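So the structure is just underneath, and the comments pick up after that.
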Amino acid sequence: MNNSRLQNELDSARIDMEKMLPQEILDTFEKTIREISDSNIASGLSLGTQAPDFSLPDYTGRIITLSEETTKGPVVLIF
């Protein structure tokens, strides 16, 4: 996935969240993102680095495994 396509998907996810969530929650997200970014405690992976495989429940409780999802195409994680 090229960077512009990824950015488009991230922008779309943001727009969807803005439609569904109260402003107070959105403000908290933005504040937390800034704090994490400024602290450098979660620098993430370098571009091109493969993420380690993991399994976690989604919002419905269904277990999602990264390696299974990537067989379907690029994955964007939102926590």
- [ ] Extending each Cα 7 Å along its Cβ direction at Ala13 and Thr28, get the distance between those two points in nm, one decimal.
- [x] 1.9 nm
- [ ] Have a look at Ser46, Ser55, Ser12 and tell me which one the Gaussian network model of the chain (Cα, springs below 10 Å) gives the largest fluctuation.
- [x] Ser46
Task: At 0.890 mPa s and 25 °C, Stokes D of the chain from Kirkwood alpha-carbon radius, µm² per second - done: 166 µm²/s
- [ ] First measure r as the distance between the Cβ atoms of Ser67 and Ser37, then evaluate 1/(1 + (r/R0)^6) with R0 = 25 Å and state the FRET efficiency to the nearest 0.05.
- [x] 0.35
Task: Computed over the chain: relative contact order in percent, which uses C-alpha pairs under 8 Å that are six or more apart - done: 18 percent
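Determine the order of Thr65, Thr60 by accessible area, beginning with the largest, at a probe radius of 1.4 Å. Write out the running numbers ahead of the final one.
On the way: Thr65 20, Thr60 95 Å².
Per-residue accessible area, sorted high to low, gives Thr60, Thr65.
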TODO: Kindly sort Leu21, Leu45 by accessible area of their heavy atoms, largest first, with the probe set to 1.4 Å.
DONE: Leu45, Leu21
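The values are calculated or read from the model by the stated rules, or taken from the named source; none is laboratory data. These numbers were taken from a predicted model, which means no experiment stands behind them. Reconstructed Cβ throughout: ideal geometry from the backbone, glycine too, with neighbour counts over all protein chains shown. Just so you know, the surface numbers come from the protein's heavy atoms only, side chains and all, with ligands and any DNA or RNA stripped out. Shrake-Rupley method; radii C 1.70, N 1.55, O 1.52, S 1.80 Å.
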